[in-house]
Amino acid sequence: MMAKIATVITDMFEDVEYTDPAKEFKEAGHEVVTIEMEKGKKVTGKQGDATVTIDYGIDDVSPESFDALFIPGGFSPDMLRADDRFVTFAKHFMDEMKPVFAICHGPQLLITAKSLEGRGVTGFKSIQVDLEYAGAKVQDKEVVVCQNQLVTSRQPDDLPAFIEESIKLLP
């Protein structure tokens, strides 16, 4: 069975934190759908190595239509969490215990969704104290899998473990 993975992303995402997992998810037979404010917009990674054309605007999708949520890092999650539509979208996946994959600064969106209390997580060093304030049980290791649902990693170096554990949670 193939999973349909919602990817919330905007400009200044960490290039490889989108491109590497998206490539592996697709090669494993899953569909990766990009969501931003505006369908058809081109967003560029902060390294300038990747440009992504957005599949859907946030108003054109429903979280019920997806099997999993992917939140690449960089500055993108911090920008998206200022928009209540993305916060509500992400919260649905956490509340419904659907797979959520968040790397680097990705968990910032889950902090704003108030979905991390009591959950085991990791994230980029600079957001670990924010994760603690959100009530999360922060672990400084390459990948943390919580309740067979939430996969988090710290940085691009952690991508192999992040991708491996994320794919395990897909149907």
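The values are calculated or read from the model by the stated rules, or taken from the named source; none is laboratory data. Remember, predicted model here, so these are calculated numbers, not experimental data. So basically every Cβ, Gly included, is an ideal-geometry build from the backbone, and we count neighbours across all protein chains shown. To get the accessible areas, we keep the full protein, side chains included, count just its heavy atoms, and leave off ligands, DNA and RNA. Shrake-Rupley method; radii C 1.70, N 1.55, O 1.52, S 1.80 Å.
Output the residues belonging to the range 18-34 that are in contact with a helix residue (DSSP H, G or I) (Cβ under 6 Å, 6 or more places away or on another chain) and surrounded by 17 or more Cβ atoms within 10 Å (Cβ to Cβ).
Asp20, Pro21, Glu24, Val32
Of everything in the range 68-123, what is among the acidic types (Asp, Glu) and either in contact (Cβ under 8 Å) with a residue 60 or more places away in the chain or within 13 Å of Ala136 (Cβ to Cβ) (or both)? Give them in sequence order.
Within the range 68-123, Glu117 is the sole residue that qualifies.
Which members of the range 30-82 meet the condition of being among the charged types (D, E, K, R) and part of a loop (DSSP other than H, G, I, E, B)?
Matches in the range 30-82: Glu38, Lys39, Lys41, Lys46, Asp49, Asp55, Asp67, Arg81.
What pairs come out if I take residues in the range 151-164 that are at negative phi and small (Gly, Ala, Ser) and pair them with residues that are surrounded by fewer than 18 Cβ atoms within 10 Å (Cβ to Cβ) and part of a loop (DSSP other than H, G, I, E, B) whose C-beta lies under 8 Å away, six or more apart or interchain?
Ser153/Glu142; Ala161/Glu142
Take Glu117 and tell me if it is out of contact with any Cys (no Cβ under 6 Å at 6 or more places or on another chain) and in a loop (DSSP other than H, G, I, E, B).
Judged against the criteria, Glu117 is a match.
Has the range 133-153 got any residue that is hydroxyl-bearing (Ser, Thr, Tyr), open to solvent by 60 Å² or more (accessible area, probe 1.4 Å) and out of contact with any Pro (no Cβ under 8 Å at 6 or more places or on another chain)?
For the range 133-153, residues hydroxyl-bearing (Ser, Thr, Tyr), open to solvent by 60 Å² or more (accessible area, probe 1.4 Å) and out of contact with any Pro (no Cβ under 8 Å at 6 or more places or on another chain): present.
Take the residues of the range 84-121 that are at positive phi and hydrophobic (A, V, I, L, M, F, W, C): which is most open to solvent (accessible area, probe 1.4 Å)?
My answer is Met97.
I'd like the residue in the range 1-10 that is part of a strand (DSSP E or B) and among the hydrophobic types (A, V, I, L, M, F, W, C) and, out of all such residues, is farthest from Pro77 (Cα to Cα).
Ile5
Is it the case that some residue within the range 11-21 is part of a strand (DSSP E or B) and either within 19 Å of Ala90 (Cβ to Cβ) or among the hydroxyl-bearing types (Ser, Thr, Tyr) (or both)?
Yes, the range 11-21 contains at least one residue that is part of a strand (DSSP E or B) and either within 19 Å of Ala90 (Cβ to Cβ) or among the hydroxyl-bearing types (Ser, Thr, Tyr) (or both).
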